[in-house]
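Below is one structure, written out as structure tokens; the observations come after it.
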Amino acid sequence: MAVSAADVARVKAGMPASSGDLSALWSISAVCAYVAQQAREQGEDEADNVEVVVRAADVSGADLRKARRVLARLGYTRVAARLGELASKSRPNRSNKPVKRARPIFAVGYQTASARIVIARKRN
């Protein structure tokens, strides 16, 4: 079963209140394992349920790859495979990349000797 955008929008709109205490679910891996286990208990497709939750939460590709490694070790092979597919399709997280800074124009360390002479003449 493919996950549609309508499924993701329905989850984003609001999930029913849970009756259990979910405070122990502090990582993406733990949330995915919990969702997969609940899906197994209810006889639903665990990979589809995890995909809906992950897409609704807008999880980054790096976090998806980390969760995939953890869940594969725990035996959630179908969920790990689906997370790998989603990670390969995700856009890179631009906020974590270092900012390229432009080189200063009049920094002495970047100019040749002739450029320093021209700069010195302009200053006088």
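Check whether at least one residue in the stretch 42-55 is in contact with a Gly (Cβ under 7 Å, 6 or more places away or on another chain), at pLDDT 90 or above and over 30 Å from R123 (Cβ atoms), and report yes or no. The answer is no, given that none of the residues of the stretch 42-55 is in contact with a Gly (Cβ under 7 Å, 6 or more places away or on another chain), at pLDDT 90 or above and over 30 Å from R123 (Cβ atoms).
How many of the residues making up the stretch 86-117 are assigned to a helix (DSSP H, G or I), of a type outside the set (G, A, S) and modelled with pLDDT under 65? Talk me through it step by step, then tell me what you get.
If we filter the stretch 86-117 for residues that are assigned to a helix (DSSP H, G or I), which is where we start, we get 86-89, 94-96, 108-110, 113-117.
Within this subset, residues satisfying the condition of being of a type outside the set (G, A, S) are 86, 89, 94, 96, 108, 110, 116-117.
Filter again for modelled with pLDDT under 65, leaving 94, 96, 108, 110.
Adding up the residues that qualify gives 4.
If you go through the stretch 54-85 and keep only what is crowded, with 21+ Cβ neighbours inside 10 Å and part of a helix (DSSP H, G or I), you end up with V54, L64, A67, R68, L71, V79, A80, R82, L83. Only a single criterion out of (1) surrounded by 11 or more Cβ atoms within 10 Å (Cβ to Cβ); (2) modelled with pLDDT of 90 or more is not satisfied by V8, namely (2). Cβ-Cβ distances below 6 Å connect the following pairs, each with a first residue in the stretch 37-51 that is free of Cβ contacts under 8 Å to residues at least 60 places away in the same chain, a second residue that is outside any helix (DSSP H, G or I) and not basic (K, R), and a separation of six or more residues or different chains: D45/M1; D48/M1; D48/V3; E51/V3. Hey, could you check the stretch 11-39 for residues that are modelled with pLDDT of 90 or more and touching an Asp or Glu at 6+ places or on another chain (Cβ under 7 Å) and say which is farthest from L83 (Cα to Cα)? If we take residues in the stretch 11-39 being modelled with pLDDT of 90 or more and touching an Asp or Glu at 6+ places or on another chain (Cβ under 7 Å), then A39 is farthest from L83 (Cα to Cα).
The values are calculated or read from the model by the stated rules, or taken from the named source; none is laboratory data. Computed from a predicted model, the values in this text were never measured in an experiment. Methodologically, a virtual Cβ is constructed for each residue, glycine included, from the backbone with ideal geometry; neighbour enumeration extends over all protein chains shown.
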